[in-house]
């Protein structure tokens, strides 16, 4: 194990929710896992005290618009969640996060550069970190 | 293996050098960075700036800025204005065919117009006219 470059990250998705396939022209993803904290502070405590509640899971993806692959935008209209798989570095392909997700997408087109796409997702089922 | 970025430079030079109207105005030809000694009417192409945009695992976009200008000695009788206009007609929103790449855009971002005093003979002037052109290509 070592610190790896993000250059070889991957984002894979399967609208059927089974076998994710790598999406092209993307260059960034972010996964956020936050757990609700319940305030259980009592009289006499010297500071506020919390206990963990339910974990929330969401994130974002981004890259360039490529008309040969519009999976991200098809996913927006999907009635059922797809399987999303996020790999930090494909040279360590066994390390990844995956799970069912609903996706929203944006496209940002400017005269100054290549049209950029971005998307956000939220869990639609249990997510796993592997291994 | 990524395509050869120098092919983008070469394609730009070839496009300009293949235009008979431009060569009629600048008969000494099209050169990268500097023309051979003795030339008095020519076109110069220089790479001013370049940066690459990455996608996961590969280069996604090569974004280059080229200086493209007609250069003429004041005594050579050149129509520098027409030469600059011809360069712009060829490059502004023009297509560039480069092996291993998909053309994205080519357009001017800045005009260039300079008069330079000759280094050896202060009575002579060199006229430079053209522009800086942004060329974006995507490796296939």
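Rule-based calculations on the coordinates, nothing more; no lab input. In this text the structure is predicted, and so the values were computed from the model without any measurement. Here the Cβ positions follow ideal geometry from the backbone for every residue, glycine too, while neighbour counts run over all protein chains shown.
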Exercise for review: Please work out which residue is farthest from the chain's Cα centre (by Cα), limiting yourself to the range A:14-67 and to residues that are within 13 Å of chain B (Cβ to nearest Cβ), surrounded by 18 or more Cβ atoms within 10 Å (Cβ to Cβ) and part of a strand (DSSP E or B).
Suggested key: A:64
Check your understanding: Regarding residue B:63, is this residue within 14 Å of chain A (Cβ to nearest Cβ) and either part of a strand (DSSP E or B) or out of contact with any strand residue (DSSP E or B) (no Cβ under 7 Å at 6 or more places or on another chain) (or both)?
Key -> yes
Practice item. Look at the range B:65-118 and say how many of its residues are within 29 Å of residue B:52 (Cβ to Cβ) and in contact (Cβ under 8 Å) with a residue 12 or more places away in the chain. Key: 29
Practice item. Run down B:97, B:102, B:123, B:75 and say which single residue is surrounded by fewer than 16 Cβ atoms within 10 Å (Cβ to Cβ) and assigned to a strand (DSSP E or B). Key: B:102
Check your understanding: Which of the residues that make up the range A:83-97 are farther than 17 Å from residue A:63 by Cβ, crowded, with 18+ Cβ neighbours inside 10 Å and away from every other protein chain (no Cβ under 14 Å)?
Key -> A:83, A:97
Point to revise | Failed condition for residue B:2, given (1) touching a helix residue (DSSP H, G or I) at 6+ places or on another chain (Cβ under 9 Å); (2) exposed (fewer than 15 other Cβ atoms within 10 Å of the Cβ); (3) touching a residue at least 24 places away in the same chain (Cβ under 8 Å) | key: (1)
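Okay, residues lined up against (1) within 14 Å of another protein chain (Cβ to nearest Cβ); (2) within 23 Å of residue B:21 (Cα to Cα); (3) in contact with a strand residue (DSSP E or B) (Cβ under 8 Å, 6 or more places away or on another chain):
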site: B:35; (1), (2), (3): no, yes, yes
site: B:44; (1), (2), (3): no, yes, yes
site: B:47; (1), (2), (3): no, no, yes
site: B:75; (1), (2), (3): no, yes, no
site: B:85; (1), (2), (3): no, yes, no
site: B:95; (1), (2), (3): no, yes, yes
Practice item. For residues that are over 16 Å from residue A:121 (Cα atoms) and within 13 Å of chain B (Cβ to nearest Cβ), scanning just the range A:1-13, find the one that is surrounded by the most Cβ atoms within 10 Å (Cβ to Cβ). Key: A:9
